[in-house]
Amino acid sequence: MNLIFGILSSILIWIFSIYTSLYLKIPTINISDIFWWILFSYFVTDFFITIIWSLIHLPPHKQGKKLIMSGPYNWTRHPVYSSVIWSGTGIITLIWNSWVVMFSVIPVSLIWSWIAMNEEIALYKIFGEKYKKYSTKTGVFYPKLDK
């Protein structure tokens, strides 16, 4: 349910950003075609690799039943959310060449942070000290570099 809410909220924020950009006639992002394709390829590849890698390590039937700390979960506690925030916003930004969409990463991040916070409260109740220890070693959306 959280994932669906987060995805729908992100899509609505991106749509609002696109229409705001068009309505206010804000200049588009101007980058070379080659750089556009490099960034687009990076974001799409990152998005799909992260989603697939996350699902391999934590299939839906194990969610909330087993604490997974391997694969992408070794680096961040919410790799799928992170992928939607950063790569999803990057993809939409590039498709629309919109500065407003690029800055929509802020409200999108806030929505996913709220979802992650509520999820972490539930996970702490399920896994207790083991989850608390895990959360001190991994970042929420970014890897902790001082492990």
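The values are calculated or read from the model by the stated rules, or taken from the named source; none is laboratory data. What you see is a predicted model, and the numbers here were worked out from it, not measured in a lab. Every residue, glycine as well, gets a Cβ built from its backbone with ideal geometry; the counts of neighbours run over all protein chains shown.
Take Phe43 and tell me if it is under 24 Å from Ser109 (Cα atoms), surrounded by fewer than 16 Cβ atoms within 10 Å (Cβ to Cβ) and at pLDDT 95 or above. It is false that Phe43 is under 24 Å from Ser109 (Cα atoms), surrounded by fewer than 16 Cβ atoms within 10 Å (Cβ to Cβ) and at pLDDT 95 or above.
Summed over the range 62-90, the residues that are touching a residue at least 12 places away in the same chain (Cβ under 8 Å), β-branched (Val, Ile, Thr) and farther than 28 Å from Leu39 by Cα give a count of 0. Might you check whether a residue that is outside any helix (DSSP H, G or I) and β-branched (Val, Ile, Thr) occurs anywhere in the range 29-46? Within the range 29-46, one or more residues are outside any helix (DSSP H, G or I) and β-branched (Val, Ile, Thr).
Can you name the helices (runs of 4 or more DSSP H) wholly within the range 96-147 that have at least 2 residues being more than 17 Å from Phe43 (Cβ to Cβ) and over 18 Å from the mean Cα position of the chain (by Cα)? Spell out the reasoning first.
Working: elements: 99-103, 105-127, 129-137.
Once the helices (runs of 4 or more DSSP H) in the range 96-147 are filtered for at least 2 residues that are more than 17 Å from Phe43 (Cβ to Cβ) and over 18 Å from the mean Cα position of the chain (by Cα), what remains is 105-127, 129-137.
For the residues Ile49, Ile85, the requirement of being out of contact with any helix residue (DSSP H, G or I) (no Cβ under 7 Å at 6 or more places or on another chain), β-branched (Val, Ile, Thr) and part of a helix (DSSP H, G or I) singles out Ile49.
Mind listing just one residue for me: the one in the range 4-28 that is assigned to a helix (DSSP H, G or I) and polar (S, T, N, Q) and, of those, surrounded by the fewest Cβ atoms within 10 Å (Cβ to Cβ)?
It comes out as Thr20.
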